[in-house]
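Below you'll find the structure, written out as structure tokens, and then a few comments.
Bear in mind these aren't lab numbers, they're just calculated from the coordinates by the rules spelled out. Predicted, not measured: the structure shown is a model, and the values here were computed from it. Cβ: placed from backbone, ideal geometry, glycine included. Neighbour counts: every protein chain shown.
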Amino acid sequence: MRHRFEYALAWILVRGIGMLPRRLARTLAIALAWLVFALHARLRRVGMRNLELAFPDKSKSERQKILRGTFTSLGRQLAEVCLFPSYTRENVSEVIVYDGFENFDHAQRRGRGVLYLTAHLGGWELSAFAHSLQGHPLRVVTRSLDNPYLEALIKH
């Protein structure tokens, strides 16, 4: 029952945000991320603990600022993922700018495969999606979600 509830909530969120203009979608998604930040004490504690381990020399206020920025970034990413269906080969360049794409083109012309390695930072989901829109399919290694309904939603 919990998995179905999570799926229904995610479906409403994804479809609802995805119907909005990009600016409004981002504003709403960031507001939702801030709401989660405000209401979910456990996430704040875990985030602060991780930042203490990563940045022991930073002050508590600096780590709090980083954590708030992380939630803002997550909100932006939520909006972009929800907007994926509206992006096309023709309009994706309005959202993402490739830097160094000539390196990929060069490797392709040589008939060689290309292996991308990326940290789990920033808009990597959007860059992978944009790359596939340019006609270059990607394979991504992930762990399946615990909720099979959400897993199906993401793969769709």
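Here are some notes:
- Of ASN103, ASN91, ASN50, the residue with the greatest mean-square motion in the GNM of the chain, using alpha carbon springs below 10 Å, is ASN103.
- Dipole size of the chain about its Cα centre, with +1 on Lys/Arg Cβ and -1 on Asp/Glu Cβ: approximately 480 debye, rounded to the nearest 20.
- Helix-only [θ]222 nm of the chain, DSSP H runs n ≥ 4, -39500 (n - 2.57) each, per residue, nearest 500: -21000 deg cm²/dmol
- Counted as membrane-span-like here are DSSP H helices of the chain whose alpha-carbon atoms extend 15 Å or more along the helix's own axis and whose Kyte-Doolittle mean is 1.0 or above; these are 22-39.
- Think of the range 2-155 as having a plus end and a minus end, set by charges on the Cβ of Lys, Arg, Asp and Glu; of LEU150, ALA38, LEU83, ALA38 sits farthest toward the positive end of this dipole.
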